[in-house]
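To start, the structure under review is shown below, and the notes come after it.
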Amino acid sequence: MVLIQKYLKNIIGVTTGVISFIIYYLTLAPTVNFIDSGELAAVASTLGIAHPTGYPLFTLIGYLFSNFPIEFQVIKKLNLMAAFFSAFGVFVFYNLLVLLNIELNKENDRKQPLNIYIASASSALILGFSRTYWSQSTSIEVYSLHILFIASILYLFFKSSLRLFTKKDGWEINGKYFLLAVFVLGLSFTNHMTTILFLPALGYLLFLIIKTIDFPKKFSIYTILLFFLGVSVYLYLPIRASQNPFFNWGNTSSLEKLLWHISGKQYRVWIFSSIESAEKQFIYYITNFYNEFNLLFIIIGLIGMYFTLSENKKLFIFLLILFITCVGYSINYDIHDIDSYFLISYLVFGIWISIGVLKIIQKYFRGKVVNNAIVIVLPLIPLLLNYRICDESKNYLVEDYMKNVFNSVEENSLIITYQWDYFISASYYFQVVEGYRRDVIIIDKELLRRSWYFDQIKNNYPQIYKNSQHEIKLFLEELYKFEHGIPYNVQIIEQRYSDVIRSFIENNYTERRIYVTPEIENQYLIGYKKIPSGLCYQLVKNEEDIIIKKVDFNYRGIERNDRLIDGMKKMYLRASLENGSFMMRLGNLEAAKNYFEKGLLVEPGSSEIRYLYNQLGK
């Protein structure tokens, strides 16, 4: 019993982390997921370079996980990595809350800290089972490691200087933890650049430190050196890019392109774009906040905010700066998948929830085992509310869709598409890592607007590049002006961009079957007919070139709807309708019936498909 009491904090902390990991494992995605999942898995498995800002640390750690000696498919190992990082983040967040609450509360709570441990464990799990946090644990994404870094940075900086917030005299900085915090801060930048959102709050902390104690010059030098030692992981990008890996986003072998990549130059157009977009994202944040924590925990968090403000203004200001910086930046980023950018604000609110829970325990539940047990089971509320929404254990949507696209085309075909969220990203993983349908060449129509992408095409598909070399050269001359801020003619650059796309079709037509996905605009397809072929269209010049291909879709739906799932359903419905109608015109009623049945499997309420299906029975 004495041994248990001695290690009670660690026992509860480890238990908290293990519980979260078990839940994350039970809801783990079995394969690739939407958006960047496939690309990140492919890049990590092959030591490539991912989309900006490159995520070199995540890539290197992912490579280790992808080669971990367990009998799992590579993607399952990397999804498991996300669960591990997220659960580890819950564990570190628990320790952060214990550290804060012990320092901020009365002496008798330090001697008998069970209440603090209970409140901290409960609050850590409440955060861990909130929607956005939990969703980072189910499939590979950089935000799972980012979560761990957020919690670790706060823990280490508070460990080094927390008494600054509670004690005016006789305070000394804990140099070991401060230097470690600075190093981890630098490392965090090499995983995700939104680590920069810490800087205003840390600037306030540094102001308090300098105001309170003399900061030795030697210590300042160590601080700078350790920070840049952490950031130096970015050297991976130019070193690896110079070796021409299969995935070489940005081709960061030159200093110019390295800086473009790290700074996310291609995404700047969506940052601070307009007041209207900021207003839209802010409304989304406010309305979605209830879904993150529900009303009970919002009230508890507000109680925690009140007590933090009334009892420790310095800490309140630090946390408020961090919260406002995160929300203020994120609402000015006009993208759909914005939720993960709010994670820092959710962790800050999790701290306020912890303080609120502890105050409620101290006021009403002190010494009452049954009532403390009620606090322990509080995480069951978000667990039960969010389990169905966050459960990805049966989600094969992206893998099925990607394979259905491949089944839509002939061997040695070329597909022009920009379905990144559903197809391209997933195909990166399955083609290169799993060796699935390597015969098919995929051209990302939107990445053709970036000069580095032509280097990747030249390296991976030299014949495709050679066939369009003239058109590519002319376009790159104009693209250089655009990328370097030199005046350019919009009509000329768009014309040459169109010429490149058309050249990929025309110059490979006799050697390969050419396909496009539905979103490719007709302006690039002049002179060709679009023939439905599963989830794609075959491009043909003459009737004799048409291949009648019956595609049997494999669709395993899940009981959830969101923007991405709804978009995928529309793709299936369009394909079912157009392929079925095409087969009807050819007189192949059995094939038409099969397509309509597949469409009704995806969306039973589709009136248009239901009408045509009923017509077949007459």
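The values are calculated or read from the model by the stated rules, or taken from the named source; none is laboratory data. Model, not experiment: these values are computed from the prediction. All Cβ positions, even for glycine, are placed from backbone atoms using ideal geometry, and neighbour counts span all protein chains on display.
Quick look at the numbers
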{"item": "Residue identified as free of Cβ contacts under 8 Å to residues at least 40 places away in the same chain and either touching a Lys or Arg at 6+ places or on another chain (Cβ under 8 Å) or not polar (S, T, N, Q) (or both) among Phe430, Phe406", "result": "Phe406"}
{"item": "Answer from Phe207, Phe228 - the residue that is over 30 Å from Phe454 (Cβ atoms), in contact (Cβ under 8 Å) with a residue 12 or more places away in the chain and not in a loop (DSSP other than H, G, I, E, B)", "result": "Phe228"}
{"item": "Any hit, region 444-455, residues being at pLDDT 95 or above, within 24 Å of Ser533 (Cβ to Cβ), of a type in the set (Asp, Glu) and not assigned by TED's automatic domain parsing to the domain that holds Phe72", "result": "yes"}
{"item": "Among residues of region 250-271, those that are out of contact with any strand residue (DSSP E or B) (no Cβ under 7 Å at 6 or more places or on another chain) and more than 11 Å from Thr53 (Cβ to Cβ), counted", "result": "8"}
{"item": "Criterion (of a type outside the set (Lys, Arg), surrounded by 24 or more Cβ atoms within 10 Å (Cβ to Cβ) and within 23 Å of Asn248 (Cβ to Cβ)) met by exactly one of Leu40, Leu64", "result": "Leu40"}
{"item": "One residue from Phe246, Phe289, Phe293, Phe316 being of a type in the set (Phe, Trp, Tyr), assigned by TED's automatic domain parsing to the domain that holds Ala42 and under 30 Å from Gly48 (Cβ atoms)", "result": "Phe246"}
{"item": "Subset of region 330-366 (residues that are surrounded by fewer than 19 Cβ atoms within 10 Å (Cβ to Cβ) and in contact (Cβ under 8 Å) with a residue 24 or more places away in the chain)", "result": "Asn332, Tyr333, Asp334, Ile335, His336, Asp337, Ile338, Ile360, Gln362, Arg366"}
{"item": "Unmet criterion (only one of (1) surrounded by fewer than 22 Cβ atoms within 10 Å (Cβ to Cβ); (2) over 16 Å from the mean Cα position of the chain (by Cα)) for His51", "result": "(2)"}
{"item": "Per-region count, region 527-558, residues of a type outside the set (S, T, N, Q) and within 17 Å of Ala592 (Cβ to Cβ)", "result": "11"}
{"item": "Lys458 being within 23 Å of His51 (Cβ to Cβ), free of Cβ contacts under 8 Å to residues at least 60 places away in the same chain, outside the structural domain of Pro245 (by TED's automatic domain parsing) and out of contact with any strand residue (DSSP E or B) (no Cβ under 9 Å at 6 or more places or on another chain)", "result": "yes"}
{"item": "Hits in region 587-609 (condition: free of Cβ contacts under 8 Å to residues at least 12 places away in the same chain and assigned to a helix (DSSP H, G or I))", "result": "Glu590, Ser607"}
{"item": "Residue, farthest from Phe34 (Cα to Cα), within region 404-424, restricted to residues that are crowded, with 20+ Cβ neighbours inside 10 Å and not hydrophobic (A, V, I, L, M, F, W, C)", "result": "Ser413"}
{"item": "Unique match (being farther than 30 Å from Ile338 by Cα and either of a type outside the set (S, T, N, Q) or more than 34 Å from the chain's Cα centre (by Cα) (or both)) among Asn594, Asn522, Asn554", "result": "Asn594"}
{"item": "Test: residue in region 280-295 that is of a type in the set (D, E, K, R), in contact with a helix residue (DSSP H, G or I) (Cβ under 6 Å, 6 or more places away or on another chain), surrounded by 13 or more Cβ atoms within 10 Å (Cβ to Cβ) and assigned to a helix (DSSP H, G or I)", "result": "yes"}
{"item": "Residue among Val375, Val327 that is assigned to a helix (DSSP H, G or I) and without any contact (Cβ under 8 Å) to a residue 60 or more places away in the chain", "result": "Val327"}
{"item": "Enumeration of residues in region 45-70 that are touching a residue at least 24 places away in the same chain (Cβ under 8 Å), farther than 11 Å from Tyr236 by Cα and among the β-branched types (Val, Ile, Thr)", "result": "Thr46, Thr53, Ile61"}
{"item": "Region 67-83: number of residues that are buried (at least 19 other Cβ atoms within 10 Å of the Cβ) and either at pLDDT below 95 or not β-branched (Val, Ile, Thr) (or both)", "result": "7"}
{"item": "Extreme residue, farthest from Asn561 (Cα to Cα), among residues of region 385-406 that are assigned to a helix (DSSP H, G or I) and of a type in the set (Lys, Arg)", "result": "Lys403"}
{"item": "Verdict on Lys445 being at negative phi, in contact with an Asp or Glu (Cβ under 9 Å, 6 or more places away or on another chain) and among the charged types (D, E, K, R)", "result": "yes"}
{"item": "Per-region count, region 234-278, residues assigned to a helix (DSSP H, G or I) and more than 12 Å from Asp455 (Cα to Cα)", "result": "25"}
{"item": "Residue within region 250-265 that is touching a residue at least 40 places away in the same chain (Cβ under 8 Å), more than 19 Å from Thr59 (Cβ to Cβ) and not small (Gly, Ala, Ser) present", "result": "yes"}
{"item": "First in region 506-526 and farther than 26 Å from Tyr401 by Cβ, second anywhere and among the charged types (D, E, K, R), Cβ under 8 Å, 6 or more apart", "result": "Tyr509/Lys541; Ile526/Arg502"}
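Conditions (1) in contact with a helix residue (DSSP H, G or I) (Cβ under 7 Å, 6 or more places away or on another chain); (2) at pLDDT 95 or above; (3) in the same structural domain as Ala373 (by TED's automatic domain parsing); (4) farther than 30 Å from Ser393 by Cβ, marked per residue:
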| position | (1), (2), (3), (4) |
| --- | --- |
| Ile102 | yes, no, yes, yes |
| Ala119 | yes, no, yes, yes |
| Ala151 | yes, yes, yes, no |
| Tyr155 | yes, yes, yes, yes |
| Gly175 | yes, no, yes, yes |
